[in-house]
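First the structure, in the form of structure tokens, and then the observations on it.
The values are calculated or read from the model by the stated rules, or taken from the named source; none is laboratory data. Owing to the predicted nature of the structure, the values given are computational and were not obtained by experimental measurement. Cβ atoms come from the backbone with ideal geometry, glycine included; neighbour counts cover every protein chain shown. Please note that ligands, DNA and RNA were not included when accessible areas were found on the heavy atoms of the full protein model with its side chains. Shrake-Rupley method; radii C 1.70, N 1.55, O 1.52, S 1.80 Å.
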There are 2 protein chains.
Amino acid sequence: MFHKETEYALRGLVYIQQQNELGHRPGLAEIAREIDAPGFYTGKILQRLVRQGFLTSRKGKGGGFGFGRDKPPLPLRDLILATEGNKILTGCAFGLKECDQDHPCPLHYRYAPIRNALNDLVATATIQSLAGSLAASVPPAREKPDIGSNPDKNIN
Amino acid sequence: MFHKETEYALRGLVYIQQQNELGHRPGLAEIAREIDAPGFYTGKILQRLVRQGFLTSRKGKGGGFGFGRDKPPLPLRDLILATEGNKILTGCAFGLKECDQDHPCPLHYRYAPIRNALNDLVATATIQSLAGSLAASVPPAREKPDIGSNPDKNIN
DNA sequence: CTATTAAAAGACAAAAAGGTCTTTTAATTA
DNA sequence: TAATTAAAAGACCTTTTTGTCTTTTAATAG
């Protein structure tokens, strides 16, 4: 689904947020170890995110990464757009440059709802919601249990 | 969403099928031109698909690509698995090696339905259904209009 | 102020994806 | 059979992604 860079960024930021909530500012070595990601690469990725203003860092003893407490929740969407761009959120499954209701590719009417669901997910889920309370991880009450046209075949 | 290779394969096979239905066996140059893909690269991709048994080819004058008429419909799923593997169909959005109901990542319960919908789509849509009659391209009667939890924000 | 700690910066490299080109092989037609 | 046509094969290249490592900068503690 996402690029490795996006995955590491997601896991890293969620871990940082969780630790921050416990009053701890984790350093790079700890973060990379805990999220099972390559250390130097993770450092480079977090560095970029700091430069882009997604989080703050402190050098030296007692240093590490964290979010300012005044920071508003960060939607996954913002992170994804910053790390890998919008192809996954707006691109055509067939690879057409123009694909919409007026010029639909053969998959459009079945793929667009899936892409919309993904857009909705990344717009509403935030690093904070994923880090805190595990709310997003809890199975929602099954009102809208399945999506797609063949609900029976779905696996979890 | 998919790799370029998968996109070219999808577009190429759909075009071949459409032309076959008209009694025509298109050659590589025509295919690449019509689907707006790089010629030599498309050739390499179709070559692999021929070797894997997805379609047939003939050399020399009047040559080109086609499906045997006895061939059963080809689900997109088979093509995707052959060209880029199963990451997009089974991978965890967070990048965890193990992610299921028993060990869910923070996104699991919201992402799994989306992935299921994608699996359903690629299992039921075939090259033939996309090529013929444009059936798949027609907007379905809106019984299950939106998926995801915030239907309002959906765009098409 | 010095030693230590930890991030910043950036060079470098490996792997994968994407793409080009030439030569060879096989089929058809004149 | 010779000329032509078109795919097969595979070498080669470019770009992007992923990853490693060294050096520099900044902060803190003693």
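For A:Val50, go 7 angstrom from Cα along the Cα-to-Cβ vector, then report the distances to that same point in the other copies in nm, smallest first.
Its label point is 5.5 nm from the equivalent points in the other copies.
So what J values fall out for segment A:91-102 if you push phi through Karplus, 6.51 cos²θ - 1.76 cosθ + 1.60 with θ = phi - 60°, rounded to Hz, Gly and Pro as x?
Couplings: x, 7, 5, 8, x, 6, 5, 10, 8, 8, 4, 6 Hz.
I'm checking a number: the convex hull volume of the Cα atoms of segment A:33-133, normalised per residue, in Å³. What is it? It would help to have the intermediate numbers written out before the result.
Numbers: hull volume 15.8 nm³, N = 101.
It is 156 Å³ per residue.
Taking the Cα centroid of segment A:1-66 and of segment B:1-63, what is the distance between the two, rounded to the nearest whole Å?
With segment A:1-66 and segment B:1-63 each reduced to a Cα centre, they are spaced 45 Å.
State in Å² the accessible area per residue of segment A:9-76; use a 1.4 Å probe, count heavy atoms of protein chains only, and round to the nearest integer. Present the calculation step by step, with values, prior to reporting the outcome.
Values: 3890 Å² over 68 residues.
That works out to 57 Å² for each residue.
Could you tell me the total accessible area buried at the B-A interface, probe 1.4 Å, in square angstrom to the nearest hundred? The partial results should precede the final answer.
Working: alone 10640 and 10610 Å², together 16270 Å².
Looking at B and A, the buried total is near 5000 Å².
Ignoring ligands, DNA and RNA, what percent of the 1.4 Å accessible area of segment B:27-77 is carbon and sulfur?
Working: 1790 of 3340 Å².
Carbon and sulfur atoms account for 54 percent of the accessible area of segment B:27-77.
So between A:Gln101 and A:Ala29, what do we pick up on full extension, going 0.36 nm a residue minus the alpha carbon distance? Intermediate values should be presented prior to the final figure.
Working: separation 72, 0.36 × 72 = 25.92 nm, distance 4.83 nm.
Here the segment from A:Gln101 to A:Ala29 would lengthen by 21.1 nm.
Calculate log10 I(q)/I(0) of segment A:55-94 for q = 0.15 Å⁻¹, where I(q) comes from the Debye formula with a single equal point scatterer on each Cα and nothing for solvent.
-0.55
With a Förster radius of 25 Å, plug the Cβ-Cβ distance of A:Asn86 and A:Thr56 into 1/(1 + (r/R0)^6) and report the FRET value to the nearest 0.05.
On the way: r = 26 Å, r/R0 = 1.04.
Between A:Asn86 and A:Thr56 the formula returns 0.45.
Please identify the trypsin sites (Lys or Arg not before Pro) of segment A:1-101 that satisfy two criteria: DSSP loop assignment and at most 11 other Cβ atoms within 10 Å. Which are they? Don't skip to the end; give the middle numbers.
On the way: sites: A:Lys4, A:Arg11, A:Arg33, A:Lys44, A:Arg48, A:Arg51, A:Arg58, A:Lys59, A:Lys61, A:Arg69, A:Arg77, A:Lys87, A:Lys97; in loops: A:Lys59, A:Lys61, A:Arg69, A:Lys97.
Passing both the DSSP loop test and the Cβ count: A:Lys59, A:Lys61, A:Arg69, A:Lys97.
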